[in-house]
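Q: Please find one structure pasted underneath; my questions will follow.
The values are calculated or read from the model by the stated rules, or taken from the named source; none is laboratory data. Predicted model only: the values in this text are computed from it and were never measured. Cβ atoms come from the backbone with ideal geometry, glycine included; neighbour counts cover every protein chain shown.
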Amino acid sequence: MRGLDLDNEEQIDVLYSAPFSALATISDGNCMIEAEVEAVDEASAWSVFNRFMCDELGDVHVVRIDLDLVTITDLAERCDVNRETARLWSTGARRDNFPVPFTTAGSSKVWAWSDIYRWLLSAGKSVSDTYAAEPLSVNFIENHNGLVARRRSVTKGWEGPRWITQRPSHQNVLMFIPPAKRIAMPEQSRSKVKAVIRVERAGA
């Protein structure tokens, strides 16, 4: 069967021999690969990751990149501020072009962390070290997931939509880490990219 088997030592050894740091885990029954890749930009980082997977672990199929969605409480934690400050950023007098919510989860609004991250940088606000990695843009994630969905539909013998917008509730995906604390980079400088990739489990 195609997929990643965390009990398969050969597969895991190959993954951990990658030219980037990687960690394979299971979350909500789904296999996830978290990786940090050095690259010029997010597209190049994905290319490095995907090329390695195809060349060395061709039997592991990437299902999608997950989008990191956050609530006001999450935002407060990631920015080391109290919840009221985060709330004022999102709805109050301190809004200052704060991103619009991506969707809702029950009665709560949720935002794409990538949108908020870029707003924080533009507003001169800080992010805790744990969340200092810059996420992939929503467009990059959705375009990639749409292409994957289309390929899967074609291999199953029916024609799916060219682009599919997905709004998963699980955590992200691919994060761009500019050097020198995200100071403006020379065009060809290299950066770290962190990714959490969902794959099919072996036997799935």
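Q: Given SER27, SER21, SER47, which one is among the small types (Gly, Ala, Ser), under 24 Å from TRP113 (Cα atoms), surrounded by fewer than 17 Cβ atoms within 10 Å (Cβ to Cβ) and without any contact (Cβ under 8 Å) to a residue 12 or more places away in the chain? If you could, list the steps in order and put the result at the bottom.
A: Numbers: SER27 fails: without any contact (Cβ under 8 Å) to a residue 12 or more places away in the chain; SER21 fails: without any contact (Cβ under 8 Å) to a residue 12 or more places away in the chain.
From the options SER27, SER21, SER47, the qualifying one is SER47.
Q: With respect to SER122, is the statement that it is within 13 Å of ASP74 (Cα to Cα) and surrounded by fewer than 14 Cβ atoms within 10 Å (Cβ to Cβ) true? If you could, list the steps in order and put the result at the bottom.
A: Details: within 13 Å of ASP74 (Cα to Cα): no; surrounded by fewer than 14 Cβ atoms within 10 Å (Cβ to Cβ): yes.
Answer is no for this residue.
Q: Only one of (1) of a type outside the set (Ser, Thr, Tyr); (2) over 30 Å from VAL110 (Cβ atoms); (3) under 15 Å from the mean Cα position of the chain (by Cα) is not met by GLY58, so which one is it?
A: (3)
Q: Looking at PHE140, PHE176, which is the one that is closer than 23 Å to THR71 by Cα, surrounded by 12 or more Cβ atoms within 10 Å (Cβ to Cβ), of a type in the set (Phe, Trp, Tyr) and at pLDDT 55 or above? Spell out how you get there, then give the answer.
A: Working: PHE176 fails: at pLDDT 55 or above.
PHE140 is the lone residue from the list that is closer than 23 Å to THR71 by Cα, surrounded by 12 or more Cβ atoms within 10 Å (Cβ to Cβ), of a type in the set (Phe, Trp, Tyr) and at pLDDT 55 or above.
Q: Further question: Given the criteria within 21 Å of VAL148 (Cα to Cα), in contact (Cβ under 8 Å) with a residue 12 or more places away in the chain and not hydrophobic (A, V, I, L, M, F, W, C), does ASP41 qualify? Show your work before the answer.
A: Values: within 21 Å of VAL148 (Cα to Cα): yes; in contact (Cβ under 8 Å) with a residue 12 or more places away in the chain: yes; not hydrophobic (A, V, I, L, M, F, W, C): yes.
Spelling it out, ASP41 is indeed within 21 Å of VAL148 (Cα to Cα), in contact (Cβ under 8 Å) with a residue 12 or more places away in the chain and not hydrophobic (A, V, I, L, M, F, W, C).
Q: Looking at VAL193, VAL154, can you tell me which residue is hydrophobic (A, V, I, L, M, F, W, C), closer than 17 Å to ALA45 by Cβ and modelled with pLDDT of 50 or more? Steps first, please.
A: Values: VAL154 fails: closer than 17 Å to ALA45 by Cβ.
Step by step, each of VAL193, VAL154 is checked, and only VAL193 is hydrophobic (A, V, I, L, M, F, W, C), closer than 17 Å to ALA45 by Cβ and modelled with pLDDT of 50 or more.
Q: Just checking, does the stretch 69-87 include any residue being among the small types (Gly, Ala, Ser), within 30 Å of LEU4 (Cβ to Cβ), touching a Leu at 6+ places or on another chain (Cβ under 9 Å) and surrounded by 17 or more Cβ atoms within 10 Å (Cβ to Cβ)? Show your work before the answer.
A: Taking the stretch 69-87 and keeping what is among the small types (Gly, Ala, Ser), we get 76, 86.
With the extra rule that they be within 30 Å of LEU4 (Cβ to Cβ), the set shrinks to none.
No, every residue in the stretch 69-87 fails to be among the small types (Gly, Ala, Ser), within 30 Å of LEU4 (Cβ to Cβ), touching a Leu at 6+ places or on another chain (Cβ under 9 Å) and surrounded by 17 or more Cβ atoms within 10 Å (Cβ to Cβ).
Q: Looking only at the stretch 1-53, filter to residues that are part of a helix (DSSP H, G or I) and charged (D, E, K, R); which one of those is nearest to the chain's Cα centre (by Cα)? Can you show your working first?
A: The initial filter retains those residues of the stretch 1-53 that are part of a helix (DSSP H, G or I), namely 9-16, 42-53.
Still in the running and charged (D, E, K, R): 9-10, 13, 42, 51.
Numbers: GLU9: 26, GLU10: 26, ASP13: 24, GLU42: 10, ARG51: 18 Å.
Looking at residues that are part of a helix (DSSP H, G or I) and charged (D, E, K, R), I get GLU42.
Q: I'm told HIS61 meets every condition in (1) surrounded by fewer than 19 Cβ atoms within 10 Å (Cβ to Cβ); (2) not assigned by TED's automatic domain parsing to the domain that holds MET32 except one. Can you identify the failing condition by its number?
A: Going through (1) surrounded by fewer than 19 Cβ atoms within 10 Å (Cβ to Cβ); (2) not assigned by TED's automatic domain parsing to the domain that holds MET32 one by one, HIS61 breaks only (2).
Q: Within the stretch 85-106, identify whether any single residue is touching a Pro at 6+ places or on another chain (Cβ under 6 Å) and over 24 Å from ILE33 (Cα atoms), and answer yes or no. Full working, then the answer.
A: Pass one, the stretch 85-106, residues touching a Pro at 6+ places or on another chain (Cβ under 6 Å): none.
Within the stretch 85-106, none of the residues are touching a Pro at 6+ places or on another chain (Cβ under 6 Å) and over 24 Å from ILE33 (Cα atoms).
Q: Ok, one more. Output the residues belonging to the stretch 54-82 that are in a loop (DSSP other than H, G, I, E, B) and at pLDDT 90 or above.
A: The first filter runs over the stretch 54-82 and keeps only residues in a loop (DSSP other than H, G, I, E, B), leaving 57-61, 66-68, 71, 80-82.
Passing the criteria: THR71, ASP80, VAL81, ASN82.
Q: If I filter the stretch 88-119 down to residues being of a type in the set (A, V, I, L, M, F, W, C) and loosely packed, with under 14 Cβ neighbours inside 10 Å, which single residue comes out as farthest from THR73 (Cα to Cα)? Full working, then the answer.
A: Residues of the stretch 88-119 of a type in the set (A, V, I, L, M, F, W, C): 88-89, 93, 98, 100, 102, 105, 110-113, 116, 119.
With the extra rule that they be loosely packed, with under 14 Cβ neighbours inside 10 Å, the set shrinks to 93, 100, 105.
Details: ALA93: 18, VAL100: 16, ALA105: 13 Å.
Once the filter is applied, the top-ranked residue is ALA93.
Q: So LEU88 ticks every box in (1) over 17 Å from ASP68 (Cβ atoms); (2) in contact with a helix residue (DSSP H, G or I) (Cβ under 8 Å, 6 or more places away or on another chain); (3) at pLDDT 90 or above but one. Which box is left unticked?
A: (2)
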